[in-house]
Each structure stands twice: as structure tokens, then as C-alpha cells.
Amino acid sequence: MDYSKVLLKYYEGLGWSCNGNYESLVWYDKSIEKPKEAKLNVLRESMLIEEMREKRNQLLKESDFRALPDYPNRDRWLVYRQQLRDFPATWVEGMDFPIPPPN
């Protein structure tokens, strides 16, 4: 598993080097202890959930105007927007977002 993105997000500015996997992580920083692999896994999961929610929120924002009362196919867009709002409850890593209806 590649931990580089997690390390950059949560440990930016600290002394470390990593070639992706935990075995290659060298911790130079003396201010805090090298994080355990389990901790990095928890942080990675949190980061992925945060990224998913940001993407979901962007999709909702982009479809806001399609919820207006006079928009064609409004009912289909309302269903899609509800699917987006429900998405975090069913999301697993690698899962595709709901597909928007045709315009």
C-alpha cells in the first residue's frame, strides 16, 4: 500500500522518506514518534472518505440548478441527487458514484 499521500497530508513538514510502502518508511523527525502502520491505515481511510465526500459535494453543487421546478427531467435529477446524498452510507473504496441522468 502506498502511504506517500497519507504522509504528505498528515505529516507534511516532518522529517521522513518513503518509497510508498511501510517497510520503506524512514522516520527522521525527533518531535514525534514514527506512526505505526495501523495508524497510517486509519488516516488513509479517513482521507479517502474525505475525498469521496468532497467529490460528492461537488457533484451535488454542479447539479443544483437541475433541481429547479422548471428544469426538464427534474424528477430524474432529484432521484440522482438523493442517491448522491445517500452515497456515503454505502460507499466502499473503489466504488463508482451514481450515474447522472441524461440531460
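The values are calculated or read from the model by the stated rules, or taken from the named source; none is laboratory data. Keep in mind the model is a prediction, meaning the values are calculated, not measured. Here the Cβ is made from the backbone with ideal geometry for all residues, glycine too, and neighbour counts use every protein chain on show.
Among residues belonging to region 1-16 that are in contact with a Gly (Cβ under 7 Å, 6 or more places away or on another chain) and either at pLDDT 95 or above or part of a loop (DSSP other than H, G, I, E, B) (or both), point out the one that is surrounded by the most Cβ atoms within 10 Å (Cβ to Cβ). Write out each step before concluding.
To start, the set of residues in region 1-16 that are in contact with a Gly (Cβ under 7 Å, 6 or more places away or on another chain) comprises 2-4.
Restricting the remaining residues to those that are either at pLDDT 95 or above or part of a loop (DSSP other than H, G, I, E, B) (or both) gives 2-3.
Details: D2: 12, Y3: 23.
Within region 1-16, the match that is surrounded by the most Cβ atoms within 10 Å (Cβ to Cβ) is Y3.
Output the residues belonging to region 74-103 that are closer than 22 Å to E45 by Cα and among the charged types (D, E, K, R).
Residues satisfying the conditions are R85, D86, E93, D96.
Is it the case that N103 is polar (S, T, N, Q) and surrounded by 12 or more Cβ atoms within 10 Å (Cβ to Cβ)? If you could, list the steps in order and put the result at the bottom.
Details: polar (S, T, N, Q): yes; surrounded by 12 or more Cβ atoms within 10 Å (Cβ to Cβ): no.
Against the criterion (polar (S, T, N, Q) and surrounded by 12 or more Cβ atoms within 10 Å (Cβ to Cβ)), N103 does not qualify.
Across region 46-98, what is the total count of residues that are outside any helix (DSSP H, G or I) and without any contact (Cβ under 8 Å) to a residue 12 or more places away in the chain?
Total satisfying the criteria: 8.
Step by step: first the residues of region 53-92, then only those that are of a type in the set (F, W, Y) and farther than 17 Å from N103 by Cβ, then the one that is surrounded by the most Cβ atoms within 10 Å (Cβ to Cβ). Which residue is that?
Among those that are of a type in the set (F, W, Y) and farther than 17 Å from N103 by Cβ, it is F87.
Just name the residue that is surrounded by the fewest Cβ atoms within 10 Å (Cβ to Cβ) out of those in region 36-45 that are assigned to a helix (DSSP H, G or I) and basic (K, R).
Checked region 36-45; the qualifying residue surrounded by the fewest Cβ atoms within 10 Å (Cβ to Cβ) is K39.
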